[in-house]
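As structure tokens, the structure follows; a few thoughts come after it.
The values are calculated or read from the model by the stated rules, or taken from the named source; none is laboratory data. Note that the structure is a prediction, hence the values are computed from the model and not measured. Cβ: placed from backbone, ideal geometry, glycine included. Neighbour counts: every protein chain shown. Note: areas computed on protein heavy atoms with side chains; ligands, DNA, RNA excluded. Shrake-Rupley method; radii C 1.70, N 1.55, O 1.52, S 1.80 Å.
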Amino acid sequence: MIGIIGAMDVEIQGLVSAMEISEAKTISSIKFYKGILEGKETVIAKCNPGKVNAAICAQTMILIYGIDALINTGVAGGLSKNLNICDVAIAENVVQHDMDTTPLGDPAGLISGLDLVKIPADKKIALLLTECASGCDNTNVEAGTIASGDQFLNSSDVKDRIVSLFGAIAGEMEGASIGHVAYTNGVPFGVLRVISDNADGDSDMDFPHFCALAAEKSIKICREFVKKF
Ligand code: ADE
């Protein structure tokens, strides 16, 4: 069973409407759509923005549906100089940029329990996501670190901090949480994000303008991934 999680309606609606739905069930206040997408058994859910929302969704999905591969799809703010709006970021690993126990002597981003700063995404999934993204309308794709935190990134200073601390290429609010849950449960995971803004002082203007376009592209790539997986 392939699990797909997006934070917003616009990030999953195109997938849900392409799916032959066999069951729609609400668990922990989240609606899970199960069925066949591109010929594969799939479950899709909208988690709402933020790390806790994403973690509730991922853990519930894994326990209820027995997920073999978990994909987080949607839009992100670009952190890499190589990424422009509507380009694609694929996670080689994920980091929680707002996890901070540095006053206790830990490195920034260290996740207690896992004892990791960067959680590795599944290599096979990352490779296939990259291949599917590259094959989509000659898209520019970069693979690297995707950073998540409980804030909409809207400042060059915050952006610079995340880039210098973690070398992240894109910033959003769920991927590293979903990765954390998946990794803890031994479930292979991947994160696919299409850039909707540059995570700088203009992101509040760019995001509403480009979100739908970027999300549409993420849905196209995600469908291709499911078909080939
Ligand atoms: N998702 C898309 N753009 C974002 C941004 N600037 N900050 C956090 N999450 C995002």
The answer for A76, listing residues at least 5 apart or on another chain whose modeled amide H is closer than 5 Å to its amide H, is V194, I195, S196, D197
Determine the relative contact order of the range 2-228: mean sequence separation of Cα pairs under 8 Å and six or more apart, normalised by residue count, in whole percent. 28 percent
For the chain, with every protein chain kept in place, what is the accessible area per residue (1.4 Å probe, Å²)? 42 Å²
Please compute the net charge surrounding K51, taking Lys and Arg as +1 and Asp and Glu as -1 over other residues with Cβ under 11 Å from its Cβ. -4
Would you mind getting the Kirkwood hydrodynamic radius of the range 2-228 from its Cα pairs, rounded to one decimal in Å? 17.0 Å
Karplus couplings for the range 97-107 from phi (6.51 cos²θ - 1.76 cosθ + 1.60, θ = phi - 60°), rounded to Hz, Gly and Pro as x? 5, 9, 7, 8, 10, 4, x, 9, x, 7, x
What pairs from K34/K220; K159/K228; K34/K118 go past 23 Å between their alpha carbons? K159/K228; K34/K118
List the DSSP H helices in the chain whose Cα atoms stretch 18 Å or more along the helix axis and whose mean Kyte-Doolittle hydropathy is at least -1.0. 51-65, 203-228
For L116, residues with placed amide H under 5 Å, excluding near neighbours: I111
Cut-off under 5 Å, modelled amide H: who pairs with K31 long-range: K46
Going by average Cβ density within 10 Å per residue, which order do the peptides 68-76, 164-172, 100-108, 25-33 take, highest to lowest? 68-76, 164-172, 25-33, 100-108
